[in-house]
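Working notes, structure below.
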Amino acid sequence: MKILIKNGRLIDPANGRDGDYDLLIEKGKVQAVDRRGRISGSGVQNAKILDAQNSVVAPGFMDMHVHFREPGFEYKETLETGCQSAAAGGFTSVAVMPNTDPVNDNRSVTDYILKKARAQGIVNVYVIGAITRQSQGQKLTDMGELREAGVIAFSDDGRPVMNSELMRRAFEYSRMFGLPCIQHSEMLDLTRGGCMNEGRVSTELGLRGMPTEAEDIMIHRDIALLEKTGGRLHVAHISSAEAVELVRRAKERNLPVTAEAAPHHFVLTDNAVRGYDTNTKMNPPLRAQRDVDAVRQGLKDGTIDIIATDHAPHDPVDKQVEYDHACFGIVGLETALPLTLGLVRDGVLSLPQAIEKLTSRPAAIFHLEGGSLKEGKPADIVIFDPEAEYIIDVEQFRSKSKNSPFHGWNVRGKVMHTLVGGKMVYSAASKQTPGARNRT
Ligand SMILES: [Zn+2]
């Protein structure tokens with residue numbers, strides 16, 4: 001089966017391409033990339049034509065921070081619905097965090113997830129193993145066994161590793177295995193009982209705050225540890241201005257630190273909490289304007305390497321409660337593209353830079369295939385119309401959960417097609433497949 005993608009603007013940061021290129025897919029791989037109209041002759045005979053007019057053709061996006069809730073919380077999301085949601089958002093690869101039930105702290109859970117995800121064959125699923133057993137922060141997991149089982153990184157995400165001695169040893173293994181440790185940076189004694197950012201808004205609303213120092217102190221500690229141990233630190237969902245500055249300074253000293261930001265942290269401030277919508281509750285919380293500005297500046301100057309969604313599906317039962325009782329987290333896969341394109345329109349990033357942070361940068365940091373449209377690579381591709389305007393409707397999400405603060409937003413940037421290994425896994429036109437979703 002051959003597919004010829006024609007008439008699009010191809011942006012492939014890994015290979016320095018941005019312009020009018022056609023792309024031929026054969027046997028699931030990128031067979032040829034050439035200037036518009038140049039791929040012709042017998043090579044394209046019988047090829048299905050995919051017209052990408054008005055659209056950008058890019059490597060499929062890679063989200064290194066998602067929670068798919070399986071095993072254990074399938075009522076919120078399953079591997080299947082999570083992968084469908086990823087495909088609809090233009091993502092062809094995701095990395096799932098280990099806070100399932102059971103926690104992914106051993107080979108059998110890793111095997112289970114990988115086997116199930118592969119059988120479904122929707123998008124590429126990579127697995128992150130826990131740093132400590134049951135992510136309880138008491139004892140390290142068998143990180144060697146997890147690595148053999150195929151994990152691409154270690155994290156207790158959702159929970160920070162509070163014990164510095166354990167974290168130091170985790171970095172030592174990280175160095176030995178060449179795999180990053182991803183930290184959810186939060187000093188718990190500073191945030192206990194908190195449900196939003198600490199500041200003027202939390203005071204006005206009478207909600208208990210979570211100060212930015214909680215994030216900053218742990219990043220400071222981890223950088224201090226890393227300086228001696230070596231290994232790799234990847235800072236998850238960075239959200240505070242000081243944290244961005246800490247990572248910037250660590251990078252200036254050539255320390256092996258990378259960082260990600262989630263769209264909600266560069267789009268929303270804690271002002272959004274004023275309506276007490278529990279879909280504005282996440283961890284780290286939405287911060288003040290100066291923090292949002294710092295995150296955007298960090299993305300711009302390269303301090304923040306990648307964009308990751310922290311896709312965290314929750315059931316209405318977990319969200320339709322009082323603000324301080326609601327679960328933390330929002331779904332993000334199906335809103336990431338238009339929110340990221342907002343950065344392009346605001347002049348924070350160029351379009352190729354934005355795509356790089358969703359493709360080749362994550363691939364490089366986590367040593368993954370993908371993120372490139374070089375000839376011979378798997379045909380993991382997203383085709384999106386950057387100008388298509390629409391209103392976000394959570395009822396249209398393929399995710400099982402609808403907890404998004406962006407419902408009703410008028411946005412621009414729409415995924416038209418997503419292909420994984422040359423196979424079409426999502427098309428905007430065919431979104432309403434019969435029986436795919438129950439509307440209630
Ligand atoms: Zn987290």
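The values are calculated or read from the model by the stated rules, or taken from the named source; none is laboratory data. This is a predicted model, so every value here is computed, not measured. Methodologically, a virtual Cβ is constructed for each residue, glycine included, from the backbone with ideal geometry; neighbour enumeration extends over all protein chains shown. Just so you know, the surface numbers come from the protein's heavy atoms only, side chains and all, with ligands and any DNA or RNA stripped out. Shrake-Rupley method; radii C 1.70, N 1.55, O 1.52, S 1.80 Å.
Okay, here's what the table says:
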| quantity | calculated |
| --- | --- |
| Relative contact order of region 310-392, defined on C-alpha pairs under 8 angstrom at six or more residues apart (%) | 18 percent |
| Exposure rank, largest accessible area first [Glu26, Glu260; 1.4 Å] | Glu26, Glu260 |
| Leading residue at positive end of dipole, the chain (Cβ point charges), from Leu140, Val56, Pro386 | Val56 |
| Ranked order, Glu172, Glu186 - accessible area, probe 1.4 Å, largest first | Glu172, Glu186 |
| Lysines with Cα under 29 Å of Lys6, excluding same-chain neighbours fewer than 8 positions away | Lys27, Lys29, Lys48, Lys357, Lys374, Lys377, Lys414, Lys423, Lys431 |
| Under the span-like rule (Cα at least 24 Å along the axis, Kyte-Doolittle mean at least 1.6), DSSP H helices of the chain | none |
| Solvent-accessible surface (1.4 angstrom probe) belonging to Val425, in square angstrom, nearest 10 | 20 Å² |
| Most to least accessible of Asp105, Asp346, Asp301 (protein chains only, probe 1.4 Å) | Asp346, Asp301, Asp105 |
| Solvent exposure of the chain as accessible area per residue, Å², 1.4 Å probe | 39 Å² |
| Distant-in-sequence amide H partners of Ile304 (H built 1.01 Å from N, under 5 Å) | Leu299 |
| Per-residue HN-Hα couplings for region 200-205 [Karplus 6.51, -1.76, 1.60; θ = phi - 60°; Hz; x = Gly/Pro] | 4, 5, 5, 5, 4, 7 |
| Cβ-based net charge around Glu165, under 14 Å, with every Lys or Arg adding one and every Asp or Glu removing one | +3 |
| J(HN,Hα) series, region 47-64, from Karplus relation 6.51 cos²θ - 1.76 cosθ + 1.60, nearest Hz, glycine and proline x | 6, 6, 9, 10, 7, 9, 4, 6, 10, 9, 10, 9, x, x, 6, 10, 10, 8 |
| Thr309 accessible area, 1.4 Å probe, all protein chains in place, Å² to nearest 10 | 0 Å² |
| 11 Å beta-carbon shell around Ile365, net charge (K/R +1, D/E -1) | +1 |
